[in-house]
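To keep things clear, I will list the structure first and then write my remarks on it.
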Amino acid sequence: MSRQPFPDLARIDAFDKVQGKTKYSSDVPFPDLLHAMTVPATIGKGMVTSIDVEHALAVPGVVRVLTPHDTPPPPPGPQGSPPPPPMLVHAIAYRGQPVALVVAETLEAAIEGAEAVRVSYALEPFAVRFEDADAGREDTESPTFGDADAAFATATTRIEAIYTTTANHHNPMELLSTTAVWAGGRLTIYEGTQGSNGLKNTVAQLLQIDRSMVDVISPQIGGGFGQRGEVPRHTAVVAQAARLLRRPVKLVMPRNQIFHNSRFRPHVQHAIKLGADANGKMISAHYDCLQQNSRRGRYRSDWYHAGPCKVYGIENYRGTSGDLRLDTHGPAQMRAPYEHPSAFAFESAVDELAFALGRDPVEFRLAHDTKIDASTGKRLTSRHLNECLTRGAEQFGWTGRPVQPGTLKAADGTMAGWGVGAGVYQAAMHPAIATLRVSANGVTRYASAGHEMGQGMRTAIAQVLIAGLRIDPARLTILIGDTTVAPQHSTAGSWGTASSVPVAVAAAEKMTAALAELLDGRKVAGNMHEQLARLRRPFIEIEVSMVAPGQGPEHLERLKTGGMAIAGLHGTYPDFTALSYIAHFVEVHVEPHTRRIRVPRVVSVADCGRVISPRTARSQVQGGVVWALGAALREISETDPRYGGWLNADIAEYHVSVNADIGKIDVSFIDEPDFDANSAGVKGIGEIAMVGAAAALANGVFHATGRRLRTLPIRVEHLI
Amino acid sequence: MTDSPECAAGGIAVTRRVVLGAGASAVAGPALLKGHHVHAQPVPTPSGIENPLLLSFTVNGSSLELDIDARASLLDVLRERLGLTGTKKGCDHGQCGACTVHIDGRTRLSCLTLAAKMNGRQLTTIEGLSDGDTLHPMQTAFVDHDALQCGYCTPGQIMSAVACVRQGYASSPESIRDFMSGNICRCGAYVGIVAAVAAANSSEG
Amino acid sequence: MRTIGYERPETLDAAIAAYSGSGSGSRYIAGGTTLYDLMKLGVETPTHLIDITAIANLDRIETEGDVTRFGTMALMSDVAETPAIRTEYPVLSESLLKAASQQLRNMATVGGNLLQRTRCPYFRAGNGVYPCNKRQPGSGCAALGGLDRSQAVLGASGSCNAVSPGDWPVALLALDARVEIIGIDGQRTLPLDGLYRLPAERPEADHNLNPGDIIIGITVPKTAAGRASTYHKIRDRESFAFALASAAVAMEIEGAVVRDVRIALGGVATLPWRARQAESVIVGRTLTRELAVEAGRAAFQDARPGRHNRFKIDLGVQVVADALMIAAGRNVR
């Protein structure tokens, strides 16, 4: 593979997207389609005692109402694995849980029918708020090394603080939807999912059919951010409705219901103690994180340590973590799931320590360069965080920043502040299998694992295929997110590019070799298609597979049978630790009287290994920064403890950033390959983009105002 | 380049009070069902509509008549009855802008527009913006500036962006940002969107 | 949403006759941005809609003479962009441009906007979950004692603290606007502040219109204060969000002395709120930042915060003060 930077190609599916041609799952038409609508539970917890469907069935156009009696109870999962989510059940674990599904000839009738279903409940007490938890915390063993207590005792400068990150919802623009079609005994599900293989397995298990009879099609997702990584409860219910009614059924879930039935980022309390020695070196860190979880939730509390225990080479680290169990749907992954909250807390604490030491926060971080992952003792493969910090500071114009807060002021009295924050994220990888066919008729077809949710996976794959093959790029088709074309994995954890690009490079190389073998030294003019035509070969098709460092055939086998086989979780490989890095610089303005907060500019420099698709990578980082600014200034999912559920369950009241909130965001890349991580030198960008930027903003607010705000979101009421 | 599954929409004739009018570029019958379409691909009137209302309006230059449910939104009629799925549902309550269309030349939200109110009006959707295979300059600008990621909000963004330039609000980044704030992009492509609108404005101006 | 009837009369008489003839389930619909939204939420449950958008001449903006008249069907965007309105009443065009989004302003009418209903999340999200006296009279109020960050600090009662969400009515209130109404019993006019009701009793009724009434126009006198007016709004986003606190100020300064001032508040009260106590602080005096803040404090002297919205008072004081200083700047010519 050439070391030249990749060209700045346009996003390969942008041409369809700007014309509205791209088909998302709910856009696919079917004759005789039925429309479905879920009936959400109106209580916080309890049992359904009766469901009166009479009025719903009387609505013209309603054809059926599915209740818990119409969906089979969940079968036990394979040994050692969790049971799949139930379909419709009488036990209500959280408000908004679907109780019934109304199916009708039209969407209007389905909605009216759902409103007409009368449900009676037996109520049970519940707790939904962090501060109202009715049981003690459940602790999980967490990374601990060195002797943090002893080191803290000897530290000459110490800080100790509690930070809070609040619950957030993903809110991709595309609503959750499922269309289920049975034909010839096979079930096909059209759904925007990040994990088509997992969805296939779960639905097969719930409907008690063989997984080979289920296909899942998810070629384009209208935003994922982790929301589409979990199998929603409604999917198998819609499939069951289609099975019972022998017609295609589509459900597009209203956003209010999505708030309750999608997963979310939990509320977390982060307690941090940092100590530095007389030379200003961080020698001790204590980090306790306590998160909300559901009653049976499996979202781990100990993974918040993944970044803080590695980023600055602190040799004495004591991590603790725990869950408070509440009556909500289970929290789960949302963009930079552990790393964004923990980096907000930890990078704020580092800023507080630097300030206590009278040190510049950039210089302080630069002084904590390390080549070793202190948590494992393993080598860090390519830590370019200091280059990110140095280049970012230069581009931002950091030099000359006064250390004292409250000193930068605009002519109208607006307070200005400059903040910095850094982050790390795992460089993980999943095995993949790809087939590539180059045809004499000018067509190239590539099929492999992965899901396109806007991050630009297809564009990255196209980059290396176009670079490695002499083909007609306009007639290149890349098939991903489809269980009928290749075994699929769950696309998450920023392993997308690192999992899909190396195998594509290998496919191009194998294809080139296969054609060379066919040519056998003959000089034949033209590109690959023309050469095949001249050789009278209709096509060449090859298959390649790729595993991650330290993996073997058993991992490929797991992929083929529908399982997951991630390598590099938390960056940990058998022989090394591989991480992405980023540094964010944020300028904050605070109006003198109303304390309205604005962010005119951000500079972000990322080390994500080799940049395969410069244009989509830049967009990913801009998007990550927008996410961080939203989380830092606006986003909070609120629940009223008396009623359960989410109160601000729409996007007028849950404030994601709008265009007017966002100023300049300058993005650049170190673009150094990490060939330890994989043969393409890719580390990953989608999540690191967000990590540390919320802290940079909070640190900027401190610099502008002298107010250290330790809870997100930071809103006008916290400064006035 | 698209790998969407072949859609099994075939076999729908123009029947049961679904009438395509004599718009200049209207093509009737199965020809409509091939490939990408600017024009509606009506599905037959479903059973179960009580007291249907006859709606007559112009969609992307073609006049159209169909029976609708009086409570249906324009958005649902476009997507579920006319096969024009480029217009997106992101909230169904006027909070996101994904369903933005042009009605009588002005941007409006199809989710909060009662379809019944469309009688006699002119509608343009994202499908009607380009001239055959030639993209509208705003569509080109969105590609050039990577003003999108997942693409779901993009049709609505572009319909607003076209109006932003046409109505003279694209003179500064601040003005563009404010005008475009009714179109939420959760992927956070705002920097690219502002650049695309500014570029399309200067190339047209 | 249940099935509905729909008709589109072409005259006011026909519209009123349709209303009289079709029973209590009838509602007029114009832009539909509030009504149709609330129908989808199950808050509004009409059985018959009378679309009044086909009635001729209801959308005129008449700027000649001493009084400006807005036909009820004029679109928010059209009013905002009318050059004469921008110069004669900056507060009006600013209030409109800071409201909603350009798409919604292209749909919503200036008459309909006067009747926009509260955005109280307990009211909107009802669905049998939250008690709400506005939604179901007598059921109680979940917002009192609940998450009340966005609720009103002025004009609340023991049965409702839902905030009035509008910007346009607040701006009109600072201009002594009047509302023209036609109904089953003929035509009448009301001062704008006579249109709205406090939620003390019958919180389900936002206004004093009778069944079958249609707002047909809004009139605003032309004044020096109107020409030096402003609308200042602070919200959770820089655009496309309801006010946390807003202030409309119309002020005339003669010499160095405030001769005439009208101050109205948005985002903080149960109805568009005229701050007469604040006005009396500054009339006849020379405006300084300190005096402007004093006026802001006077505007909120009767405020009663809940658990999470005390900041609205501090914020509102500063918003009023900032708006006064902006309007003062517009008096310098």
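Throughout, read-outs are computed from the coordinates displayed, never taken from laboratory work. Nothing here was measured: the structure is a model prediction, and the numbers come from that model. For neighbour counting, all protein chains shown are included, and Cβ atoms are generated from backbone atoms with ideal geometry for every residue, glycine included.
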Taking only the alpha-carbon atoms of segment A:133-221, the convex hull volume per residue, in cubic angstrom, is 253 Å³
On each of the three principal axes the extent of the alpha-carbon atoms of segment C:5-51, given in whole Å and largest first, is 30, 21, 12
With -39,500 (n - 2.57) per DSSP H segment of 4 or more residues and division by the full residue count of chain C, the 222 nm estimate, nearest 500 deg cm²/dmol, is -8000 deg cm²/dmol
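Multiply the residue separation of A:LEU123 and A:ASN279 by 0.36 nm, subtract the distance between their alpha-carbon atoms, and state the gained length in nm to one decimal. Each step should come with its number before you reach the end.
Details: separation 156, 0.36 × 156 = 56.16 nm, distance 6.03 nm.
Once the chain is fully extended between A:LEU123 and A:ASN279, it gains 50.1 nm.
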Cα-based Rg then Dmax for chain A, in Å, read 26.4, 81
What the Cα atoms of segment C:149-292 span along the principal axes, largest first and in whole Å, is 50, 38, 29
Within segment C:297-333, the residues whose backbone N lies under 20 Å from a label point placed 7 Å from the Cα of C:ARG259 along the Cα-to-Cβ direction are C:324-333
So the FRET efficiency between C:ALA205 and A:LEU57, C-beta based with R0 = 51 Å and rounded to 0.05, is 0.90
Partner shielding of C:296-305, taken as the mean number of other chain Cβ atoms within 10 Å, equals 0
Rounded to 0.05, the calculated FRET efficiency for the beta carbons of A:ALA514 and A:GLU394 at R₀ = 35 Å is 0.15
One finds the C-alpha centres of segment A:411-466 and segment B:75-144 to be spaced, in Å, by 29 Å
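Only helical DSSP H runs with n ≥ 4 go in: add -39500 (n - 2.57) per run for chain A, normalise by residue count and round the 222 nm mean residue ellipticity to 500 deg cm²/dmol.
Working: 17 runs with 181 residues, N = 720.
Taking each H run of at least 4 residues, the total per residue is -7500 deg cm²/dmol.
Over 26 Å, how big is the tail of the calculated P(r) for segment A:429-561, in percent of all Cα pairs?
Above the 26 Å cut-off, segment A:429-561 has 23 percent of its Cα pairs.
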Set A:LYS310/A:LYS683; A:LYS371/A:LYS683; A:LYS281/A:LYS310; A:LYS560/B:LYS88, cut-off 25 Å on Cα-Cα distance; pairs above it are A:LYS560/B:LYS88
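Which of the three applies to chain C, rounded, prolate or oblate, going by the alpha-carbon gyration tensor with a ≥ b ≥ c and a/c under 1.5 meaning rounded? Don't jump to the answer; show the numbers that get you there.
Working: a/c = 2.08, a/b = 1.27, b/c = 1.64.
Oblate shape, in that a/c is at least 1.5 and b/c is the bigger or equal ratio.
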In nanometres, the difference between 0.36 nm per residue of separation and the alpha-carbon distance of A:ASP210 and A:GLU131 is 24.0 nm
Taking r as the C-beta separation of A:THR477 and A:LEU535 and R0 as 30 Å, the FRET efficiency to the nearest 0.05 is 0.85
Burial-style ranking of A:621-628, A:599-606, average other-beta-carbon count within 10 Å with highest first, yields A:621-628, A:599-606
Extend 7 Å from the Cα of A:VAL443 along its Cα-to-C-beta direction; within segment A:478-497, residues with backbone N under 12 Å of that point are A:478
Here P(r) for the protein assembly as shown, Cα-Cα distances in 10 Å bins, as whole percents, is 2, 9, 18, 23, 22, 15, 8, 3, 1, 0
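What order, most packed first, do the peptides A:142-152, A:664-674 have when packing is the mean number of other Cβ atoms within 10 Å of each residue? Spell out each step's value before the answer.
Values: A:142-152: 17.6, A:664-674: 19.3.
Packing proxy ranking, top to bottom: A:664-674, A:142-152.
Would you mind putting A:219-225, A:699-705, A:120-126, B:102-108 in packing order, based on average other-beta-carbon counts within 10 Å, highest first?
Highest-to-lowest ranking by the protection proxy: A:219-225, A:699-705, B:102-108, A:120-126.
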Among segment A:232-256, those whose backbone N falls under 17 Å of a label point 7 Å along Cα→Cβ from A:ASP70 are A:233-253
Calc'd 3J(HN,Hα), segment A:25-33, phi into Karplus 6.51 cos²θ - 1.76 cosθ + 1.60 (θ = phi - 60°), Hz, glycine/Pro = x, comes to 4, 7, 8, 7, x, 9, x, 6, 5
log10 I(q)/I(0) for segment C:238-287, Debye formula on C-alpha points only (no solvent), q = 0.29 Å⁻¹, two decimals, reads -1.03
Note: A:474-486 gets an average of partner chain Cβ contacts (10 Å, Cβ to Cβ) equal to 1
Between the alpha carbon centres of segment C:112-145 and segment C:259-314 the gap in Å comes to 26 Å
For C:ILE61, the residues 5 or more places away or on another chain with a placed amide H closer than 5 Å to its own amide H are C:GLY71
Rounded to the nearest Å, the spacing of the alpha-carbon centers of segment A:522-594 and segment C:20-48 is 54 Å
Longest principal axis of chain C (C-alpha) makes with the long axis of helix C:311-331 (C-alpha) an angle, in degrees to the nearest 10, of 70 degrees
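Over segment C:225-331, what portion of Cα pair distances is larger than 16 Å, expressed as a whole percent?
Numbers: 2942 of 5671 pairs.
Here the tail beyond 16 Å accounts for 52 percent of pairs.
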Label model pair C:GLU290, A:ARG379: point-to-point distance (7 angstrom along the Cα→beta-carbon line) in nm is 7.0 nm
Expected integer from the mean partner chain Cβ neighbour count at 10 Å over C:25-32 is 2
Rounded to whole angstroms and listed largest first, the alpha-carbon spread of segment C:191-268 along its three principal axes comes to 48, 32, 24
